[in-house]
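Every number in this text was worked out from the coordinates using simple rules, so none of it is lab data. In this text, all values refer to a predicted model and were calculated from it rather than measured experimentally. No Cβ is skipped: glycine too gets one built from the backbone with ideal geometry, and neighbour counts run over all protein chains shown.
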Amino acid sequence: MGSVLILFAHPALRHSRVNRALIDGISEIEGVTLHDLYELYPEFGIDVAAEQQLAELHDVIIFQHPLYWYSVPAILKEWQDLVLEHGWAYGTGGSALSGKRFLCAVTTGGGGEAYRTDGYNRHTIRQLLAPVEQTARLCNMICLPPYVVHGTHLMTPEGAEAARRDYHRVLADLRDGLVESSSDREYLNEPSDSRSVTRR
């Protein structure tokens, strides 16, 4: 059995229904660690050595966050800037993350149709996450497609619960090595919207 580290970042979690649902009960999944960056570092004083040690102990690393201005919340950018040091994560002697699997678990307020090249936002989720995915590749990580939950603004409580169950199942599959490493797919899951949640 492997291990999964979720680097969770939500700057306004008290206002979130869906992300709170997604993380509910994660502590009960064996081999999965939920690491809330805003809770741990409210002043952004990231403990680089501790974060590096934690990352080294896990086989899969997940950035879980809402899509903020088409990118990651500020603390996840700070985490990348500080923790992914030359000589540790990349560059000469920088092999600490080599071979680990990486993905983003993302929520969006808008529906999936808005995240197409011909949609409202003019870009796909994979295009918007390209800088994060390329960062992972620079660190010689195996980049998986993102897990995406669309339509959170209109999602019903039943939809949020279905998304939670599906996400927790995927976490267990990642832990157990049951998820293919191919990055060809647009999403790791078939994305949910406000009307339904489809299992992959």
*Amide H neighbours of residue 8 under 5 Å, at least 5 residues apart or on other chains, H built in the peptide plane: list them.*
35, 36, 37, 64
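Rank these for me by crowding, 10, 153, going from fewest to most other beta carbons within 10 Å.
Numbers: 10 23, 153 12.
By the 10 Å Cβ count, ascending: 153, 10.
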*Would you mind telling me the antiparallel percentage of the DSSP bridges in the chain, rounded to 5?*
5
*Give me the number: length gained by fully extending residue 127 to residue 98, i.e. 0.36 nm times residue separation minus the C-alpha to C-alpha distance, one decimal in nm.*
8.1 nm
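Taking every eigenvalue of the Cα gyration tensor of segment 4-175, multiplying by 5 and rooting it, what semi-axes result, largest first, whole Å? List each step's numbers first, then the result.
Numbers: eigenvalues 130, 70, 48 Å².
Listed largest to smallest, the semi-axes of segment 4-175 are 25, 19, 15 Å.
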*So what's the gap between the Cα centers of segment 75-96 and segment 113-168, to the nearest angstrom?*
23
*asked:* Can you compute the label reach from residue 41? Point 7 Å from Cα along the Cβ direction, backbone N cut-off under 11 Å, restricted to segment 77-106.
replied: 77-84
_Order these by the 10 Å Cβ neighbour count, fewest first: 155, 141, 1._
1, 141, 155
